[in-house]
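Derivation of every value follows stated rules applied to the coordinates shown; laboratory data play no part. Computed from a prediction, not measured in an experiment: that's the story for all the values here. Ideal geometry is used to build each Cβ from the backbone, glycine not excepted, and the neighbour counts take in all protein chains shown.
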Amino acid sequence: MISAPRRWLITAFYRLTRSRIPWIRWLLIRSFIFAFAVDLADAREPDPGAYPHFNAFFTRALRTDARTQAPRPALLSPVDGTLVSCGQADQSSLVTVKGQAFSWRGLILAPSLEEGLFTPEALFFNCYLAPRDYHRVHMPDAGHLIRAEWIPGRFRSVRPSRIRRRPETLAQNERVLLTFATERGPLLLILVAARLVGGIETPWCPARQSWRDTGQSFREALATGIGSHFERGEEIGRFNYGSSVLILAPESIWQPEHELGKVFVGERLATPRT
């Protein structure tokens, strides 16, 4: 249940970031570019004044030639961001940075785990999207969507510095789980909301307005995508504010190839084991 003050804050934030009033739009976009040193060189629309409101700027598209896909059969990075941790996850814990761990059963909290899609072990990647980053999510590999779930939760910051102190945040925040069937086994993307509103959306399901929607209509809309096929590199979601993305795949099939640090859409995260 959202408290009255928080509902007011979320409503105000939502309306402000979608305001088409010229001076508000200009102030928000220009201030954001200055505060976070945003580089629009790779954006499809590099002119900040061309965006109708701040949210359109924040969820901006890239030029089609801005990123290069690693050749098949590599597992691709779904985002621009920072790979803050990766490794092997077992049934009881998901190790994050500096040896801290939290229950990935709590993080997933879904039939995907109970049905044994990722047992006995899984390979995971945890990618953090900073405010200046591109905030769309793309398919790491081609596949059919077999499960789409929304798990309600909080809207806390997912900055790496906070996750180091409070690794359980990823298991407490609102998140969307998308499970795909691919040629090389199951693939799970976990889109984790962050501060304020979350704002997770997919190409077939608009973002939930948390101060209005109890979640049922969003859950039903999310499920309409089940059965759809998505190509390697195709957009699968976006964040309207703040985010972290986790990728889980069978450890018996994939081995990690990317070092921790900056990562871009289409770069090689893992390759099949021989």
* Structure fact -> Fewest-first ordering of Val84, Val38 by Cβ atoms within 10 Å yields Val38, Val84
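When a/c is below 1.5 the answer is rounded, else prolate if a/b is larger than b/c, else oblate, so apply that to the stretch 1-73 with a ≥ b ≥ c taken from the square roots of the Cα gyration tensor eigenvalues. Let's see the in-between values first.
Numbers: a/c = 2.84, a/b = 1.61, b/c = 1.77.
Oblate, because a/c is 1.5 or more while a/b does not exceed b/c.
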* To do: Subtract the Cα-Cα distance of Gln255 and Trp26 from 0.36 nm times their separation in residues, and report this length gain in nm to one decimal.
  => 77.9 nm
* Which order do Val79, Val263 fall in if you start with the one that has the fewest other Cβ atoms within 10 Å? -> Val263, Val79
* Structure fact -> Going from the fewest other Cβ atoms within 10 Å to the most, one would list Phe125, Phe218, Phe32 as Phe32, Phe218, Phe125
* Asked: Using a basic spin-label model with each label point 7 Å from the Cα along Cα→Cβ, how many nm lie between Ile146 and Leu40?
  -> 4.3
* Obtain the nm distance between the two label points defined at Ala181 and Thr274 by a simple spin-label model: each point lies 7 Å from its Cα along the Cα-to-C-beta direction. => 3.1
